Each structure stands twice: as C-alpha cells, then as structure tokens.
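The values are calculated or read from the model by the stated rules, or taken from the named source; none is laboratory data. Fair warning: this is a prediction, and the values are worked out from it, not measured in the lab. All Cβ positions, glycine included, derive from the backbone under ideal geometry; neighbour counts span all protein chains shown. Areas reflect the complete protein model, heavy atoms only, side chains present, ligands, DNA and RNA absent. Shrake-Rupley method; radii C 1.70, N 1.55, O 1.52, S 1.80 Å.
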Amino acid sequence: MYLDKEKNELVCVFEEQLLETNRGFNYYVDWSNISGYEKYDIEIHALDVLIGKKDDKDFYEKFRGLISKLPTVIEVFPYLFALAKVEANDVRNNGTLKIIGSSIDSDDFMVYSFNHKKLSVPISEQEIATYYNFFVQMGLKALFQNLIEKSTQDYIVGVLVGSDSNGRKNRGGKAFELACEPVIRDVCEEYPIEVLTQIQFQTLKKYGFDISEDIANRKADFILVDRSAKKCMNIEVNFFNGGGSKPEEIIDSYINRQSDLAANNIGFALITDGNCWKGTTNQLEKGFRHLNYLTNFNMAKTGMLKEIIEKEFGEEENA
C-alpha cells in the first residue's frame, strides 16, 4: 500500500499525517513504578494509629510505642515523602538517607538509617528520639496530625504516583519510543521476530551476528531479530518539534547510519515525526530517496511498518 507509491506521493502523505504530540497514556504515569510498598502492608496499616493525634504528647507516645513494638515500621518512612527515582531506589534498598545540617550547631550531615536491623534491641530512647526528630523535621508529624484523614496506604500510593509523574521529564525523551513500541511489537508478533530495546549492537554477537567495532558500542532504539533466518534490523524512532532540530542534519545522520549498518548486514528503518518536518519537502524527498524505509507514526501504524517488516524478513517466504 505504501511501498508501491512514488516518492513524491509518500512525501505528501508523510506531511499530511504528522503528529502534534508524541505523548501517549504511558507517558504520564508508569504504573509499574507504583510498587514496592506492598511488602510493608502490616507496617503501613500500623502507622494509621498516628492519624489525627493532635495532642503532641499523645502523638509522641503513640510514635514511641509503634517503633518499640514494630521496629520494621522505620523502613516505611522513605515511602512517606517524594524522592527522585534513582535516589528512592537507593534509600529504600540501602536504607540510608543523608541530610545536610541547616543549623549552626548541627553536624555537616545527619545520617538516617531505615534498616531496622541496625537498631539496638530493645530500641533505645536515643534511637526513638532520633527518628522522632526526623518525623518532625521532615514534616511527617504535621502530615499525620493535620492532613491524612483515613489511610496511610492511600497517601503512599499518591506519593508514588506523584513522584512518577514528576519523573515524566525523564520519559520525555523516550515518549515517542513508548508510543511506537506497541506498534512494532504488534507487527512482530505475527512473525518469529524478537524485539530488543535500547541495547548496543554488540549484543547481537551472542545471536551469532558479526558486528564490527565501528558500531559495536552504538545504542539502538529497537533491533528486530529473526534467529532462524539470521536476519536483523534496526528501527530508530525520533520526534522532533523543532527548537533547533535541523531536518538536513537529521536526514544526513540517518543516511550515514544506514550505510554503517548495511556494512554489517543489518537493515534500517526510521520512524520520525513532529512539527519539525512541516514544510521540509526537499529534505523529506532526500530521505525517501536515500533511506530504504522512512515513515512517520501514522503511516507505520496503518500498514507501512508491516510492509517494511514483510519485505525485510519475509523475502524467503514470498519467493
């Protein structure tokens, strides 16, 4: 349907079907990241005893009793405030958080351990005071006294969702990959084709492919592999809204990439989209002349990707 069209026809279709955004549903929240708290089900529900305790003395006694009877509850503390993903994994796995001292008489760093096994048995009053100070300074005491109304668990889920949403900036660069991946996988499921994501080309050596050192350390967005036919193909996906993106440089870079991959018997296809391509007819024509396979998201989704994969991987069957 697409590959039989003249180059100028493809350019027209390409420009007509450009996307205004690269953001799908999975851009906003990666629900697989909203996890890890389940193993602390008992501790999380035990924290509910602090909810609504307005009297400071009453709150402290409940806090003291909670840590004394259930010391593992301190491992939940890092789930009660937002952390960047990398830092969150480190704190929750290694159990240590460093906080710079802000008062004149404080140490350079205050180090809090959230590994209950490092606590004394029984827990000392000094240890209880340390974690109570953390609760107060971090604002968690006020949180339980004034803001959480019913469920600590519901609050924790909200923190994790919010943290992940704040991290969507990190997903911005790969938002188009997230949008394209289901399209690529859906087509490949019809064939004995394995889809590899975000890997270096040297990984293909273990599949029996000869990879030159020129491309070994380069990373690919997607590599499609047919082990039985000993064929593979790189698909790169990019969304360009403008803002400094130069179509000529983009096209030239991918023409060079295709040449390098061809020397290693690796096919190549580019899925690209965005406002950057509006009014760039000359560069699109160049792309369609020199790139074996050039498509945008809508064209890929409505059949062109299937045609590309059939041509690359189905030649033997169609012969």
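Listed residues 127, 149; which is outside any helix (DSSP H, G or I) and either within 15 Å of residue 62 (Cα to Cα) or open to solvent by 20 Å² or more (accessible area, probe 1.4 Å) (or both)?
Unique residue meeting the criteria: 149.
Go through region 137-161 and report how many residues are of a type in the set (Phe, Trp, Tyr) and either more than 28 Å from the chain's Cα centre (by Cα) or farther than 10 Å from residue 44 by Cβ (or both).
The initial filter retains those residues of region 137-161 that are of a type in the set (Phe, Trp, Tyr), namely 144, 155.
Now restrict to residues that are either more than 28 Å from the chain's Cα centre (by Cα) or farther than 10 Å from residue 44 by Cβ (or both): 144.
Residues in region 137-161 being of a type in the set (Phe, Trp, Tyr) and either more than 28 Å from the chain's Cα centre (by Cα) or farther than 10 Å from residue 44 by Cβ (or both): 1 in total.
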Inset, instruction - State which residue is farthest from residue 50 (Cα to Cα) when the search covers only region 123-136 and only residues that are in contact with a strand residue (DSSP E or B) (Cβ under 9 Å, 6 or more places away or on another chain) and in contact (Cβ under 8 Å) with a residue 12 or more places away in the chain. - result: 130
Legend entry - Leading residue by the ranking (modelled with the lowest pLDDT) among those in region 160-193 that are farther than 26 Å from residue 20 by Cβ and surrounded by fewer than 14 Cβ atoms within 10 Å (Cβ to Cβ): 162
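Quick one: which helices (runs of 4 or more DSSP H) lie wholly within region 15-84 and hold at least 1 residues that are under 16 Å from residue 136 (Cβ atoms) and of a type in the set (Lys, Arg)? Quick ask: steps written out before the conclusion?
Numbers: elements: 25-28, 41-46, 56-69.
Output list reads 56-69.
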Legend entry - Single unsatisfied condition, residue 98 versus (1) touching a strand residue (DSSP E or B) at 6+ places or on another chain (Cβ under 7 Å); (2) open to solvent by less than 80 Å² (accessible area, probe 1.4 Å): (2)
Legend entry - Members of region 227-279 found to be among the hydrophobic types (A, V, I, L, M, F, W, C), buried (at least 18 other Cβ atoms within 10 Å of the Cβ) and in a loop (DSSP other than H, G, I, E, B), listed by number: 240, 266
Inset, instruction - Consider only pairs whose beta carbons are under 7 Å apart and that are at least six residues apart or on different chains; among these, list those whose first residue lies in region 291-306 and is on the phi > 0 side of the Ramachandran plot and whose second residue is surrounded by fewer than 19 Cβ atoms within 10 Å (Cβ to Cβ) and not hydroxyl-bearing (Ser, Thr, Tyr). - result: 303/1
Legend entry - Matching residues in region 85-119 - criterion: being of a type outside the set (A, V, I, L, M, F, W, C), farther than 25 Å from residue 162 by Cβ, part of a loop (DSSP other than H, G, I, E, B) and at pLDDT 70 or above: 115
Legend entry - Number of the exception - residue 6 against (1) open to solvent by 80 Å² or more (accessible area, probe 1.4 Å); (2) more than 30 Å from residue 291 (Cα to Cα): (2)
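Return the residues of region 289-307 that are under 18 Å from residue 255 (Cβ atoms) and either open to solvent by less than 10 Å² (accessible area, probe 1.4 Å) or touching an Asp or Glu at 6+ places or on another chain (Cβ under 6 Å) (or both); say none if nothing qualifies. Reasoning before the result, please.
Quick first cut of region 289-307, residues under 18 Å from residue 255 (Cβ atoms) only: 289-296.
Across region 289-307, the qualifying residues are 291, 294, 295, 296.
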Legend entry - Any hit, region 262-269, residues being in contact with a Gly (Cβ under 8 Å, 6 or more places away or on another chain) and farther than 18 Å from residue 9 by Cβ: no
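Suppose we keep only residues that are touching a residue at least 24 places away in the same chain (Cβ under 8 Å) and charged (D, E, K, R) within region 58-90. Which one would you say is least open to solvent (accessible area, probe 1.4 Å)?
Residues of region 58-90 that are touching a residue at least 24 places away in the same chain (Cβ under 8 Å), as a first pass: 59-60, 63-64, 67-68, 70-85, 88.
This time we only want the ones that are charged (D, E, K, R), so: 64, 75, 85.
On the way: 64: 79, 75: 38, 85: 127 Å².
Taking the candidates together, the pick is 75.
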Inset, instruction - Hey, can you tell me all the residues within region 194-226 that are open to solvent by 50 Å² or more (accessible area, probe 1.4 Å) and in contact with a Ser or Thr (Cβ under 7 Å, 6 or more places away or on another chain)? - result: none
